[in-house]
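Worksheet: one structure, shown below.
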Amino acid sequence: DTGVSQNPRHKITKRGQNVTFRCDPISEHNRLYWYRQTLGQGPEFLTYFQNEAQLEKSRLLSDRFSAERPKGSFSTLEIQRTEQGDSAMYLCASSQTELYGYTFGSGTRLTVV
Amino acid sequence: AQKITQTQPGMFVQEKEAVTLDCTYDTSDQSYGLFWYKQPSSGEMIFLIYQGSYDEQNATEGRYSLNFQKARKSANLVISASQLGDSAMYFCAMTFSNDYKLSFGAGTTVTVRA
């Protein structure tokens with residue numbers, strides 16, 4: 001297993017378009033997290049899955065954002081009607097237990113023009 | 001309210017010297033986890049070190065050590081013998097009791113000079 005994989009690495013989209021990002025976690029990890037990171041800031045929590053169940057969503061996650069994790073494997077994060085303020089790095093992480101840390105993917109950098 | 005504070009936005013360190021990155025936190029939880037992550041310019045977050053709130057000994061991982069002072073609510077990261085490849089953003093992060101998500105500080109940028 002090569003770690004957490006995120007696709008695409010970069011996405012440029014026009015304001016108002018929909019975008020979807022994918023995260024493939026480490027296979028034995030049952031927990032999956034999405035974070036958003038703007039330039040020069042720490043990542044902010046968006047949502048968290050345990051297996052296929054979405055257990056928590058941040059208030060940052062407006063109704064334009066939706067995340068799924070079908071069958072408890074990969075996850076997708078969709079942003080509808082993108083706005084310039086959505087421009088950020090979207091990070092995915094997975095974990096089995098907190099004791100050994102969370103493994104992050106390389107992120108998807110979204111630019112809304 | 002739970003808060004993580006990293007007061008040093010940027011630091012310069014000479015190669016082969018040690019550097020200490022500050023992290024203080026505010027929580028009423030008794031059980032929590034403390035993490036440090038490194039984020040190079042390429043963007044990936046690299047796990048460095050973990051300390052549990054009940055761990056009595058300070059955590060060490062190679063050149064990284066965590067100076068945990070529970071009463072002062074601080075968890076400083078010490079990087080010994082700095083290398084050019086240590087230039088990156090460093091984040092202090094925490095998990096709180098019954099909450100698996102990580103909460104991050106604002107980060108400190110470290111630049112190692114030859």
Can you list the HN-Hα couplings for segment A:12-24, worked out from phi with the Karplus curve (6.51, -1.76, 1.60; θ = phi - 60°), rounded to whole Hz and with x for Gly and Pro? 10, 9, 7, 3, x, 7, 9, 9, 9, 10, 10, 10, 10
What order do B:GLU56, A:GLU52 take when sorted by accessible area (1.4 Å probe), most exposed first? B:GLU56, A:GLU52
Skip the ligands, DNA and RNA, and give the accessible area per residue of segment B:1-106 with a 1.4 Å probe, whole Å². 49 Å²
Quick one: which residues, 5 or more positions from B:THR109 or on another chain, have an amide H under 5 Å from its amide H? H modelled 1.01 Å from N in the peptide plane, none for Pro or chain starts. B:GLY10, B:MET11, B:TYR90
May I ask which of B:LYS16/B:LYS38; A:LYS71/B:LYS101; B:LYS16/B:LYS101; A:LYS11/B:LYS38; A:LYS11/B:LYS3 have a Cα-Cα span longer than 27 Å here? B:LYS16/B:LYS101; A:LYS11/B:LYS3
If you take the Cα atoms of chain A, find Rg, then find the Kirkwood Rh from the mean of 1/r over all pairs, what is Rg/Rh? 0.95
Among the Cα-Cα pairs of chain B, the proportion with separation greater than 22 Å, in percent, is 27 percent
What are the ³J(HN,Hα) values, in whole Hz, obtained from phi via the Karplus relation 6.51 cos²θ - 1.76 cosθ + 1.60 with θ = phi - 60°, for each residue of segment A:38-49 in sequence order, with x given for Gly and Pro? 9, 4, x, 10, x, x, 10, 5, 10, 7, 9, 10
Would you please give the residues with an amide H less than 5 Å from that of B:SER87, counting only those at least 5 places away or on a separate chain, with H modeled from the backbone geometry? B:VAL112
Quote the relative contact order of chain A in percent (integer), defining contacts as alpha-carbon pairs under 8 Å separated by 6+ residues. 37 percent
For the protein assembly as shown, the accessible surface attributable to carbon and sulfur atoms (probe 1.4 angstrom, ligands and nucleic acids excluded) amounts in percent to 45 percent
Tell me: how much accessible area in total is hidden between A and B, 1.4 Å probe, Å², nearest 100? 1600 Å²
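The values are calculated or read from the model by the stated rules, or taken from the named source; none is laboratory data. Here the structure is a predicted model, which means the values were calculated and not measured. With ligands, DNA and RNA removed, areas are computed over all heavy atoms of the protein, side chains included. Shrake-Rupley method; radii C 1.70, N 1.55, O 1.52, S 1.80 Å.
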